[in-house]
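Some notes on the structure that comes next.
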Amino acid sequence: MKLLPSDSDIGSPKDSAQNMQDIVLSVNNLTIGYSSGQEVLRACRDVSFEVVSGETLGIVGESGSGKSSLLMALARLLPPNGEIVGGSVSLSGVGDLFELSSEQMRRVRGSTIGYVPQQPMSAFNPTMKVGRQVAEPLKIHNRLSYRESLPRVLQALNGMGLSDATRVANAFPHELSGGMLQRAMLAQATITNPRILLADEPTSALDVTVQRQIIELLKEVSLEHNLSTIIVSHDLEVVSRIADKILVMYGGRMEEHGPRDNVLQDPKHPYSHALLASRLTADQERKAPLPALTGFPLDLRGVDREAGCPFRSRCSRVIPICEVEFPRTTSGATEFACHNPMGSS
Ligand SMILES: Nc1ncnc2c1ncn2[C@@H]1O[C@H](COP(=O)(O)OP(=O)(O)OP(=O)(O)O)[C@@H](O)[C@H]1O
């Protein structure tokens with residue numbers, strides 16, 4: 001029987017140095033499928049990782065690599081044709097999320113897990129004032145009226161850098177800029193003091209200055225509340241600014257996973273290496289064309305029937321075994337799945 005956190009447990013700050021290293025989320029061999037016509041496409045295969053208290057994990061990969069599917073599965077918000085094919089996800093104090101009833105999961109989502117979907121503009125209801133939408137988790141989980149929630153709504157908006165919180169609360173979404181809406185969305189996702197925040201491309205629709213502000217804000221919020229965060233982005237620059245650990249995905253597979261500096265300074269997987277080579281750091285000007293990854297992102301249809309490494313057709317270090325066998329994950333400070341990693345002869 002799974003234990004659900006009581007309201008007093010939810011988001012209570014961790015109070016000892018030992019708890020700083022508590023595992024908040026443990027993902028084991030997660031495999032996600034979508035039914036698509038006659039086929040089941042595997043958007044994510046055998047993905048495993050842990051997130052400890054206060055840690056930020058950045059998941060990076062090209063479009064279609066399975067990042068959003070992974071995040072939606074963790075929040076149990078896959079679309080109707082999506083399903084968990086295998087694996088488990090364990091949340092500290094709750095248990096295996098996939099064994100919870102829909103009602104139990106609804107209670108966990110929005111209280112213990114904060115979820116920020118892609119594109120906050122479309123996630124907000126255009127006909128409802130922003131403050132009422134930010135207050136929604138308190139209405140659902142704490143049964144508070146809007147009047148009762150208002151002080152916390154204003155505090156949450158303020159905490160996200162919206163100093164004009166009363167005006168923002170009384171505005172309709174179309175009256176706010178993209179950056180303001182993203183901040184309001186983060187206020188909504190954290191208003192119940194969740195233990196873990198799942199943020200899908202939280203900066204993708206924003207200009208570079210606002211992107212940086214949001215990243216700094218996320219860092220502050222995570223530090224202040226000892227909040228664990230998983231942030232998904234196609235942009236390695238964004239991820240490297242915020243993440244303690246980086247997980248690189250390609251074709252639904254986990255290619256590399258480790259501490260940020262290890263992955264950035266000594267990438268083992270040729271795909272991580274290629275991503276790094278094509279990275280434009282925020283301080284660089286775009287003077288010369290960047291080296292681009294050749295080839296196209298993987299079409300996942302049919303990949304299940306294939307053996308071998310999904311990256312092989314684009315890989316500069318391909319060797320015969322890559323054609324026939326998916327590499328085992330090599331564990332160590334950095335985990336990676338490659339037959340011929342960078343730095344080997
Ligand atoms: N509802 C769906 N039905 C069928 N296939 C889907 C569905 N949603 C996603 N996919 C497929 O699953 C794979 C992974 O998609 P996903 O959106 O998780 O990747 P992503 O890395 O987040 O990409 P993006 O950054 O573009 O959102 C892709 O091949 C995508 O086409």
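How many of the residues in segment 42-67 are open to solvent by 30 Å² or more (accessible area, probe 1.4 Å) and either within 20 Å of G258 (Cα to Cα) or away from the ligand (no atom under 14 Å from the Cβ) (or both)?
Taking segment 42-67 as the starting set, the residues that turn out to be open to solvent by 30 Å² or more (accessible area, probe 1.4 Å) are 42, 45-46, 48, 50, 62-64.
Now narrow it down to the ones that are either within 20 Å of G258 (Cα to Cα) or away from the ligand (no atom under 14 Å from the Cβ) (or both): 45-46, 48, 50, 62.
Qualifying residue count, segment 42-67: 5.
Filter segment 199-210 for residues that are over 24 Å from E50 (Cβ atoms) and surrounded by 15 or more Cβ atoms within 10 Å (Cβ to Cβ); which is modelled with the lowest pLDDT?
Of segment 199-210, the ones over 24 Å from E50 (Cβ atoms) are 203-210.
Those still in the list that are surrounded by 15 or more Cβ atoms within 10 Å (Cβ to Cβ) too: 203-206, 210.
Values: T203: 84, S204: 81, A205: 75, L206: 81, V210: 85.
Filtering first and then ranking leaves A205.
Of all residues in segment 305-345, how many are small (G, A, S) and under 12 Å from E255 (Cβ atoms)? Write out each step before concluding.
Start the filter on segment 305-345 by keeping residues that are small (G, A, S), which leaves 307-308, 313, 316, 331-333, 337, 343-345.
Those still in the list that are under 12 Å from E255 (Cβ atoms) too: 337.
Residues meeting the conditions: 1.
Could you say whether any residue in segment 211-223 is of a type in the set (S, T, N, Q), open to solvent by 60 Å² or more (accessible area, probe 1.4 Å) and within 16 Å of the ligand (Cβ to nearest atom)?
Looking through segment 211-223, none of the residues is of a type in the set (S, T, N, Q), open to solvent by 60 Å² or more (accessible area, probe 1.4 Å) and within 16 Å of the ligand (Cβ to nearest atom).
Test R279 against the criterion of being of a type in the set (K, R), under 24 Å from Q213 (Cβ atoms) and modelled with pLDDT under 95, and give yes or no. Spell out how you get there, then give the answer.
On the way: of a type in the set (K, R): yes; under 24 Å from Q213 (Cβ atoms): yes; modelled with pLDDT under 95: yes.
When the stated conditions are applied, R279 passes them.
Checking the structure you have, find out if any residue of segment 250-267 is within 16 Å of the ligand (Cβ to nearest atom), closer than 28 Å to R183 by Cβ and either crowded, with 24+ Cβ neighbours inside 10 Å or not aromatic (F, W, Y) (or both).
Initial filter on segment 250-267 (within 16 Å of the ligand (Cβ to nearest atom)): 250-257.
If we keep only those that are closer than 28 Å to R183 by Cβ too, we end up with none.
No, that holds for no residue.
Within segment 20-30, take every residue that is open to solvent by less than 40 Å² (accessible area, probe 1.4 Å) and either among the hydrophobic types (A, V, I, L, M, F, W, C) or modelled with pLDDT under 95 (or both) and give me the one that is nearest to the ligand (Cβ to nearest atom). Spell out how you get there, then give the answer.
Step one: filter segment 20-30 for residues open to solvent by less than 40 Å² (accessible area, probe 1.4 Å), giving 24-27, 30.
Filter again for either among the hydrophobic types (A, V, I, L, M, F, W, C) or modelled with pLDDT under 95 (or both), leaving 24-25, 27, 30.
On the way: V24: 22, L25: 18, V27: 15, L30: 12 Å.
Ranking the candidates gives L30 first.
Given (1) over 25 Å from A277 (Cβ atoms); (2) more than 12 Å from the ligand (Cβ to nearest atom); (3) hydrophobic (A, V, I, L, M, F, W, C), identify the lone condition not met by M72.
For M72, the exception is condition (2).
On the basis of being of a type in the set (D, E) and under 24 Å from L227 (Cα atoms), does E136 make the cut? Let's see the steps before the verdict.
Values: of a type in the set (D, E): yes; under 24 Å from L227 (Cα atoms): yes.
Taking the combined requirement at face value, the residue satisfies it.
Which one of the conditions (1) surrounded by fewer than 15 Cβ atoms within 10 Å (Cβ to Cβ); (2) more than 16 Å from the ligand (Cβ to nearest atom); (3) not acidic (D, E) does S122 fail to meet, given that it meets all the rest?
For S122, the exception is condition (2).
Look through H141, H174 and report the one residue that is open to solvent by 50 Å² or more (accessible area, probe 1.4 Å) and in a helix (DSSP H, G or I).
Working: H141 fails: open to solvent by 50 Å² or more (accessible area, probe 1.4 Å).
Being open to solvent by 50 Å² or more (accessible area, probe 1.4 Å) and in a helix (DSSP H, G or I) holds for just one of H141, H174, which is H174.
The values are calculated or read from the model by the stated rules, or taken from the named source; none is laboratory data. If you're wondering where the values come from, they're calculated on a predicted model, not measured in any experiment. Backbone-built Cβ (ideal geometry, glycine too); neighbour counts: all protein chains shown. Accessible surface areas use protein heavy atoms only, side chains included; no ligands, DNA or RNA. Shrake-Rupley method; radii C 1.70, N 1.55, O 1.52, S 1.80 Å.
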